[in-house]
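*Asks:* My questions will all concern the structure given below.
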Amino acid sequence: MNTYLSPSRFIDSDHPVVVEFAEKHRGTRPDLSDQAVSLYYAVREAIRYNPYTFSRDPNTLSASFALAAGESYCVPKATLLAACARHCGIPARIGLADVRNHLSTPRLLALLKSDVFAMHGYTELYLNGRWVKATPAFNQQLCEVFDVPPLEFDGLHDSVFHAFNRQGQRSMEYVVDHGQFADVPEAFFFGHIRQCYPHLFADDAPTLLGDMQSDLSRG
């Protein structure tokens, strides 16, 4: 279990900005489940979800980078939650899966040339003797735009994407589960993304600029 408590390259739980953030948001209750819940909501809301921040630079996967940027996508937000948890003595690891996204934007779908989001990231926390999934990706403001309830987390039950939005339309479905890892598996991560979206790795790859809320306001 020490592996899931120790700092690693991307889950840099010993980085000063991560330590400061974790201490600020862990709460005052001694129970680790309560601290995990507090950290979950802090990461979900403090770092705005923006898939256009994806970069081929591995350094952008780290927890400290997500904090410094103030916006990121699912994987760095998952590493940030894992890093904060490890700092607080909660074993944590990263999970990766391919998900079909039915509530994207036309611009993002055109950019990806697919409705499958490869390498969606989530966090697993070891609480009360078992691993529990937590997905701090979508902040509340973005969920409201898409009319999807923000994902809650109670430290007991898995928190994964809702299958349907409030109107009964399909929202997210998991297509492939790649498993869990002590840190983001860099070669596997980028290799699979390149396989799914080769055009994003071409010399003339489109520049990833913007955010989903701006996409919707244009529409």
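The values are calculated or read from the model by the stated rules, or taken from the named source; none is laboratory data. In this text the structure is predicted, and so the values were computed from the model without any measurement. So basically every Cβ, Gly included, is an ideal-geometry build from the backbone, and we count neighbours across all protein chains shown.
*Asks:* Do we have Ser62 as hydroxyl-bearing (Ser, Thr, Tyr) and touching a His at 6+ places or on another chain (Cβ under 6 Å) here?
*Replies:* Taking the combined requirement at face value, the residue does not satisfy it.
*Asks:* Exactly one of these conditions fails for Glu144: (1) touching a residue at least 12 places away in the same chain (Cβ under 8 Å); (2) over 22 Å from Pro185 (Cα atoms). Give me its number.
*Replies:* Unmet for Glu144, out of (1) touching a residue at least 12 places away in the same chain (Cβ under 8 Å); (2) over 22 Å from Pro185 (Cα atoms): (1).
*Asks:* For region 1-24, how many residues meet the condition of being among the basic types (Lys, Arg) and within 19 Å of Ile94 (Cα to Cα)?
*Replies:* Adding up the residues that qualify gives 1.
*Asks:* OK, next. Applying the selection to region 74-99, what residues are out of contact with any strand residue (DSSP E or B) (no Cβ under 6 Å at 6 or more places or on another chain) and β-branched (Val, Ile, Thr)?
*Replies:* Within region 74-99, Thr79 is the sole residue that qualifies.
*Asks:* Would you call Arg130 modelled with pLDDT of 95 or more, in contact with a helix residue (DSSP H, G or I) (Cβ under 7 Å, 6 or more places away or on another chain) and not hydrophobic (A, V, I, L, M, F, W, C)? Walk me through it before giving the result.
*Replies:* Numbers: modelled with pLDDT of 95 or more: yes; in contact with a helix residue (DSSP H, G or I) (Cβ under 7 Å, 6 or more places away or on another chain): no; not hydrophobic (A, V, I, L, M, F, W, C): yes.
Considered against the rule, which asks whether it is modelled with pLDDT of 95 or more, in contact with a helix residue (DSSP H, G or I) (Cβ under 7 Å, 6 or more places away or on another chain) and not hydrophobic (A, V, I, L, M, F, W, C), Arg130 comes out as no.
*Asks:* Go through (1) surrounded by fewer than 21 Cβ atoms within 10 Å (Cβ to Cβ); (2) over 19 Å from Thr135 (Cβ atoms); (3) among the hydroxyl-bearing types (Ser, Thr, Tyr); (4) touching a residue at least 12 places away in the same chain (Cβ under 8 Å) one by one and return the number of the condition Ser33 breaks.
*Replies:* Of the numbered conditions (1) surrounded by fewer than 21 Cβ atoms within 10 Å (Cβ to Cβ); (2) over 19 Å from Thr135 (Cβ atoms); (3) among the hydroxyl-bearing types (Ser, Thr, Tyr); (4) touching a residue at least 12 places away in the same chain (Cβ under 8 Å), the odd one out for Ser33 is (2).
*Asks:* From the list Leu39, Leu80, Leu61, which residue is in contact with a Cys (Cβ under 6 Å, 6 or more places away or on another chain) and of a type in the set (A, V, I, L, M, F, W, C)?
*Replies:* After ruling out the rest, the residue left standing is Leu39.
*Asks:* Now a separate question. I want to confirm something. Restricting to region 152-190 and keeping residues that are crowded, with 16+ Cβ neighbours inside 10 Å and of a type in the set (Val, Ile, Thr), which single residue is modelled with the lowest pLDDT?
*Replies:* Val160
*Asks:* Here is a further query. Enumerate the pairs (first residue in region 41-62 and basic (Lys, Arg); second residue anywhere and part of a strand (DSSP E or B)) with beta-carbon separation below 6 Å, excluding pairs fewer than 6 apart on the same chain, so at least 6 apart or on different chains.
*Replies:* Listed pairs, sorted by first residue: Arg48/Glu71.
*Asks:* Could we say that His199 is exposed (fewer than 14 other Cβ atoms within 10 Å of the Cβ), in contact (Cβ under 8 Å) with a residue 24 or more places away in the chain and in a loop (DSSP other than H, G, I, E, B) here? Give the steps one after another, and end with the answer.
*Replies:* Values: exposed (fewer than 14 other Cβ atoms within 10 Å of the Cβ): yes; in contact (Cβ under 8 Å) with a residue 24 or more places away in the chain: yes; in a loop (DSSP other than H, G, I, E, B): no.
Answer is no for this residue.
*Asks:* I'd like to verify a number: residues in region 1-37 that are over 21 Å from Leu151 (Cβ atoms), part of a helix (DSSP H, G or I) and out of contact with any strand residue (DSSP E or B) (no Cβ under 9 Å at 6 or more places or on another chain), how many?
*Replies:* 8
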